[in-house]
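These notes are about the structure you will find just below.
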Amino acid sequence: MALYLVQHGKSLSKDQDPQKGLSEEGAVETRRIAEVAANYGVMVSKITHSGKQRALQTAEIMAAALKPVQGVASMDGLNPLDDPAAILATLESSANLMLVGHLPFMERLVSMLIIQALEPPVFKFQNAGIVCLDKHSDSSAWIITWALMPNIG
């Protein structure tokens, strides 16, 4: 099972859009990352998102490129201050799942998976970036297998 974690794309300020939907730059970066992932053959069964506008838009852009068989759905527990432990119990061992959410939740989830603690962060997310985790075949421990980010450096 691969687990793909995505921080939503760059969003508009609350003054520009009370729902804080994606900015044009955020949509462009998300589309670019999604297309690169599709060109690499990334296979996603389902994409779930927090339900916030920016996460929904990010999930829809990812889905347009990656074509998940089970589609896109909203899911509780992916908001910025939600407890990552609640999500861990819901992860299916056979599905390639993409979660689209927010900071600090995503960083805390990666830390829980890798070091079994919320802190310190073990990976620095970027808007619209994808972090792929999988279980190590020998130990069943979670490992980061790759990351695809809009910017390097």
Exercise for the section: Being part of a loop (DSSP other than H, G, I, E, B) and of a type in the set (S, T, N, Q) is the filter; apply it to the stretch 68-99 and report the residue that is nearest to residue 35 (Cα to Cα). Expected result: 96
Practice task
Go over the candidates 61, 47 one by one and state the one that is buried (at least 20 other Cβ atoms within 10 Å of the Cβ) and out of contact with any Ser or Thr (no Cβ under 8 Å at 6 or more places or on another chain).
Solution key: 47
Problem - Options 127, 79; residue that is under 26 Å from residue 18 (Cα atoms), in contact (Cβ under 8 Å) with a residue 24 or more places away in the chain and surrounded by fewer than 20 Cβ atoms within 10 Å (Cβ to Cβ) - result: 79
Exercise for the section: For residues that are modelled with pLDDT of 95 or more and outside any loop (DSSP other than H, G, I, E, B), tally how many sit in the stretch 123-142. Expected result: 5
Problem - Yes/no for residue 27 being under 12 Å from the mean Cα position of the chain (by Cα), under 21 Å from residue 150 (Cβ atoms), modelled with pLDDT of 95 or more and not in a loop (DSSP other than H, G, I, E, B) - result: no
Practice task
Collect the residues in the stretch 51-65 that are of a type in the set (Lys, Arg) and part of a helix (DSSP H, G or I), keeping them in residue-number order.
Solution key: 54
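The values are calculated or read from the model by the stated rules, or taken from the named source; none is laboratory data. Note that the coordinates shown come from a computational prediction; the quantities given were computed from them, not determined experimentally. We place every Cβ from the backbone using ideal geometry, glycine too, and count neighbours over all the protein chains shown.
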